[in-house]
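First the structure, in the form of structure tokens, and then the observations on it.
The values are calculated or read from the model by the stated rules, or taken from the named source; none is laboratory data. This structure is a prediction, so every number in the text was calculated from the model and none was measured. Ideal geometry is used to build each Cβ from the backbone, glycine not excepted, and the neighbour counts take in all protein chains shown.
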Amino acid sequence: MPLIELRGVWKIYDSGSMRVVALRDVDIDVEEGEFVAVVGPSGSGKSTLLHIIGGLDRPTRGIVRVAGIEVSSLRSDTELCKYRNELVGFVFQMFYLIPRLTALENVELPLIARGLDPRERRTKALEALRLVGLEHRAHHRPAEMSGGEQQRVAIARAIVTEPKLILADEPTGNLDSANARAVMDLFEKLNKALGVTILLATHNLELLSYCDRAIRLVDGKVAGIYDRERYDELIALSSKRLREHDST
Ligand SMILES: Nc1ncnc2c1ncn2[C@@H]1O[C@H](COP(=O)(O)OP(=O)(O)O)[C@@H](O)[C@H]1O
Ligand SMILES: [Mg+2]
């Protein structure tokens, strides 16, 4: 059984006068332990897809199943929170750390929802910070850290609950190339050493080298699924599209 299974998933944003089809009839399978890229131009539905898989948003139609849980039929916020807290870690382009809390306190946050006692929380949060190489920054606040360090704290916060799945939405979008590489190396380590399944939304095709395969979205539709052997094809497609864009 795949870890992630989407069947006939649609997402339509309808605000009366404006109707946007963000996902159209999407079928996707991701196996446990895979590192999969979601690529496609801006506005193609990458973030929407991740939000729906992570239970941050619901599909208009269709079925989303993760680890045997039918996420698309979870109704209450309590059920959705429980699903997210137990199975999913999110990493976003903006790090969303709480400025007045230290790195350690930020990483502890998801464990408060689990009702762990403070000592246990601290131990687990320190362990997560060690995994991202930032134990020595535990008592620093976000403003005292570089962007790359802040993103690694956000990753520690995502993994402190030992999720099966990490959903990363343009996680290197605000980082220079050295920090971007550090973040991607870390994802690779989590994937290879701990077997965490990773779904990475990005428009940066240089990151493909880290991924087992890529799902390409265009206008909310799955326009192709590419394995390593076909990355060249995917890169050629995107640069062709950019050239066409330039000439219009
Ligand atoms: N909350 C929303 N309300 C209305 N339209 C939205 C909303 N979120 C996203 N969209 C639209 O859905 C489409 C897909 O957006 P998104 O998933 O953010 O794409 P991507 O992450 O690939 O750039 C876009 O046309 C976007 O404008
Ligand atoms: Mg996006």
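As an exercise: evaluate residue 168 against (1) within 16 Å of ligand 2 (Cβ to nearest atom); (2) farther than 23 Å from residue 135 by Cβ; (3) of a type in the set (A, V, I, L, M, F, W, C) and give the number of the one condition it does not meet.
The one condition residue 168 does not meet is (2).
Can you report the number of residues in the range 37-72 which are within 16 Å of ligand 2 (Cβ to nearest atom) and outside any helix (DSSP H, G or I)? Talk me through it step by step, then tell me what you get.
The first filter runs over the range 37-72 and keeps only residues within 16 Å of ligand 2 (Cβ to nearest atom), leaving 37-54, 56-57.
Remaining after also requiring outside any helix (DSSP H, G or I): 37-45, 54, 56-57.
Qualifying residue count for the region: 12.
Could you check residue 75 against (1) part of a loop (DSSP other than H, G, I, E, B); (2) out of contact with any helix residue (DSSP H, G or I) (no Cβ under 7 Å at 6 or more places or on another chain); (3) modelled with pLDDT of 95 or more; (4) more than 16 Å from ligand 2 (Cβ to nearest atom) and say which number it fails?
(3)
When both residues are 6+ apart or on different chains and their Cβ atoms are under 6 Å apart, which pairs have a first residue that lies in the range 42-60 and is over 19 Å from residue 8 (Cβ atoms) and among the polar types (S, T, N, Q), and a second that is modelled with pLDDT of 95 or more and near ligand 1 (Cβ under 9 Å from one of its atoms)?
Listed pairs, sorted by first residue: 47/169.
Can you tell me which condition residue 93 does not meet? The list is (1) closer than 26 Å to residue 215 by Cβ; (2) not in a loop (DSSP other than H, G, I, E, B), and all the others hold.
Tallying (1) closer than 26 Å to residue 215 by Cβ; (2) not in a loop (DSSP other than H, G, I, E, B), residue 93 fails exactly one: (2).
If I filter the range 150-157 for residues that are away from ligand 1 (no atom under 16 Å from the Cβ), surrounded by fewer than 20 Cβ atoms within 10 Å (Cβ to Cβ) and either among the hydrophobic types (A, V, I, L, M, F, W, C) or assigned to a loop (DSSP other than H, G, I, E, B) (or both), do I get at least one hit? So that I can check it myself, show each step before the final result.
The first filter runs over the range 150-157 and keeps only residues away from ligand 1 (no atom under 16 Å from the Cβ), leaving 150-157.
Those still in the list that are surrounded by fewer than 20 Cβ atoms within 10 Å (Cβ to Cβ) too: none.
No, because not a single residue in the range 150-157 is away from ligand 1 (no atom under 16 Å from the Cβ), surrounded by fewer than 20 Cβ atoms within 10 Å (Cβ to Cβ) and either among the hydrophobic types (A, V, I, L, M, F, W, C) or assigned to a loop (DSSP other than H, G, I, E, B) (or both).
For residue 204, only one of the following conditions fails: (1) within 16 Å of ligand 2 (Cβ to nearest atom); (2) in contact (Cβ under 8 Å) with a residue 60 or more places away in the chain; (3) over 24 Å from residue 83 (Cα atoms). What is its number?
(2)
Among the listed residues 193, 236, 180, identify the single one that is surrounded by 15 or more Cβ atoms within 10 Å (Cβ to Cβ) and either more than 20 Å from residue 135 (Cβ to Cβ) or more than 16 Å from ligand 2 (Cβ to nearest atom) (or both).
Details: 193 fails: surrounded by 15 or more Cβ atoms within 10 Å (Cβ to Cβ); 236 fails: surrounded by 15 or more Cβ atoms within 10 Å (Cβ to Cβ).
The match here is 180.
Counting only residues that are away from ligand 1 (no atom under 12 Å from the Cβ) and closer than 21 Å to residue 92 by Cα, which one in the range 4-42 is surrounded by the fewest Cβ atoms within 10 Å (Cβ to Cβ)?
33
Give all pairs with beta carbons closer than 7 Å in which a residue from the range 75-104 that is on the phi < 0 side of the Ramachandran plot meets a residue that is loosely packed, with under 15 Cβ neighbours inside 10 Å and modelled with pLDDT of 95 or more; count only pairs at least 6 apart in sequence or on separate chains.
Listed by first residue and then by second, the contacts come to 99/143; 102/139; 104/139.
I'd like to verify a number: residues in the range 201-219 that are of a type in the set (Gly, Ala, Ser) and within 10 Å of ligand 1 (Cβ to nearest atom), how many? Can you show your working first?
Initial filter on the range 201-219 (of a type in the set (Gly, Ala, Ser)): 201, 209, 214.
Then drop every residue that is not within 10 Å of ligand 1 (Cβ to nearest atom), which leaves 201.
Counting residues in the range 201-219 that are of a type in the set (Gly, Ala, Ser) and within 10 Å of ligand 1 (Cβ to nearest atom) gives 1.
Hey, could you check the range 43-84 for residues that are within 16 Å of ligand 1 (Cβ to nearest atom) and of a type in the set (Val, Ile, Thr) and say which is surrounded by the fewest Cβ atoms within 10 Å (Cβ to Cβ)? Even if it seems obvious, please write down each step before you answer.
So in the range 43-84, the residues within 16 Å of ligand 1 (Cβ to nearest atom) come out as 43-62, 64.
The next check asks that each one be of a type in the set (Val, Ile, Thr); those that pass are 48, 52-53, 60, 64.
Values: 48: 23, 52: 25, 53: 26, 60: 15, 64: 24.
Result: 60.
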